[in-house]
1. Order the peptides 63-71, 242-250 from the highest to the lowest mean number of other Cβ atoms within 10 Å of their residues.
2. Any idea what angle helix 57-71 forms with the longest principal axis of the chain, computed on alpha-carbon atoms, 0 to 90 degrees, nearest 10?
3. Return one number: the angle in degrees, 0 to 90 and rounded to the nearest 10, between the long axis of the Cα atoms of helix 132-163 and the longest principal axis of the Cα atoms of the chain.
4. Could you state, as a whole-number percent, how many of the C-alpha pairs of the chain are farther apart than 31 Å?
5. Contour minus end-to-end for LYS238 and ILE61, with contour as 0.36 nm per residue of separation and end-to-end as the Cα-Cα distance?
6. Once every DSSP H run of n ≥ 4 in the chain is given -39500 (n - 2.57) and the sum is divided by its residues, what mean residue ellipticity at 222 nm do you get, rounded to the nearest 500 deg cm²/dmol?
7. Dipole magnitude of region 165-274 about its Cα centre, charges +1 at Lys/Arg Cβ and -1 at Asp/Glu Cβ only, in debye to the nearest 20?
8. Among the lysines, which fall within straight-line cross-link reach of LYS268, defined as a Cα-Cα distance under 17 Å, with same-chain neighbours fewer than 8 residues apart omitted?
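All of the numbers you see were taken from the coordinates with simple rules; none came from a lab. Being a predicted model, the structure only gives us computed values, none of them experimental. Positions of Cβ are generated from backbone atoms using ideal geometry, with glycine treated the same way; all protein chains shown enter the neighbour counts.
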Amino acid sequence: MEKKASKEEVKWYGLTSRGRNMLFRDLETRYIEIFSSLREGKVPELSEKAGPIPDLRPLLIEYGRMRIKEEFTHDQYLRRVYSLIPELNKSINLIFEKMTVLTPFIEGSSNSNDPCGFFRSLSGADFPEYSRKIISEISETAGRLCSLKSQISDFLRGEIVGIMPNTSSLAGVDLAIELLARGGSLENLSKMSGSSIQVLGAEKALFKHIVSGSKPPKHGVIFRFPGLSSLKPRERGKAARVAANQIALTLRADMAGSVMDLQPLREKIARSMKRR
C-alpha cells in the first residue's frame, strides 16, 4: 500500500533508517511503477533488505528510456523534424553566398534571389574545363539539400493536418506548423490564452517592452495568418488579437480531438479585417 512521503530522506532505492536499508518491495521487478510513484511524491511500500543495495543504474536507464518514449509524442516528433529546416536553410544560403562569385558564367542569373534555382542553373553554365566537375558536384549536393527541404516541408504539411485539423483549416498548415514549433507542444498551445498566441514568436520584442518600456509587439508568427499582412500597420493589432483568440479555440479542440464548425470563427476574423 502506498503512503505519503516520510519526513526522512527518500532515495531512489528506499531510505536508510537507523542504520538499516529499507528498500522498496520488489524493486528489481516493479521499478517502473515504483519510480513513477516517487515522481508523484508517493512512497511505495518498504521492506528491510539485508546486504548491499542493488545496482540501480540499469533500472534507472531503462526507466529513463521509457519516459523519453512516453513523452516523445507525435507532435514532438514533428517539431524535431521541423527543426531541420532552419539548419538546411543556413547551409543552402551559405553555399549560395560563396558561389555567387560564379554569376558572370551563368546567363540570366544576375537578378536571381532563389538559391535553389541558382544551383539548378549551374549545371548548364559554361565554366572552364578545369572547374566543371567540382562545380557539378557542388550544384548537385546543394540541389539535394533543396530537395530534402522540400520533402520535409511536404511531409510536415501532410502530418500537421492529422494532429491539428481545426487549426490547420482555420490558419493554414504553414502557420499551424510554426505555432507548434514555437509553442513546444500541442498541449502547451492548448493552455495558452489568445494574447499569448498573438505574440508567440515575438519574445524579444516583448522582453524589450517589459524592460525598457518600448511599444509592445502587435503580433508574432500569427502575422502569417491569411490576409493579416495585407492590412495597414495600424489595423493589424486588433485583427491579430481576434485571429489569435479564434486560434486558441481551435487549439483546444485539436487537443480534445474534436471537430469544430469553423465558419463562425472565420466570419468573426473577416469582420475584424474589414473594420476601418
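1. Working: 63-71: 11.4, 242-250: 22.8.
Going by the mean number of other Cβ atoms within 10 Å, highest first, we get 242-250, 63-71.
2. Roughly 50 degrees between the two axes.
3. That helix lies at roughly 60 degrees to the long axis.
4. Numbers: 21196 of 37950 pairs.
Percentage above 31 Å: 56.
5. Working: separation 177, 0.36 × 177 = 63.72 nm, distance 5.03 nm.
Stretched fully, the LYS238-ILE61 segment lengthens by 58.7 nm.
6. Details: 13 runs with 164 residues, N = 276.
My calculation for the chain gives -18500 deg cm²/dmol from helical runs alone.
7. On the way: 17 positive and 8 negative charges, 136 e Å.
So the magnitude is around 660 debye.
8. Answer for LYS268, where 17 Å is the Cα cut-off: LYS238, listed by chain and number.
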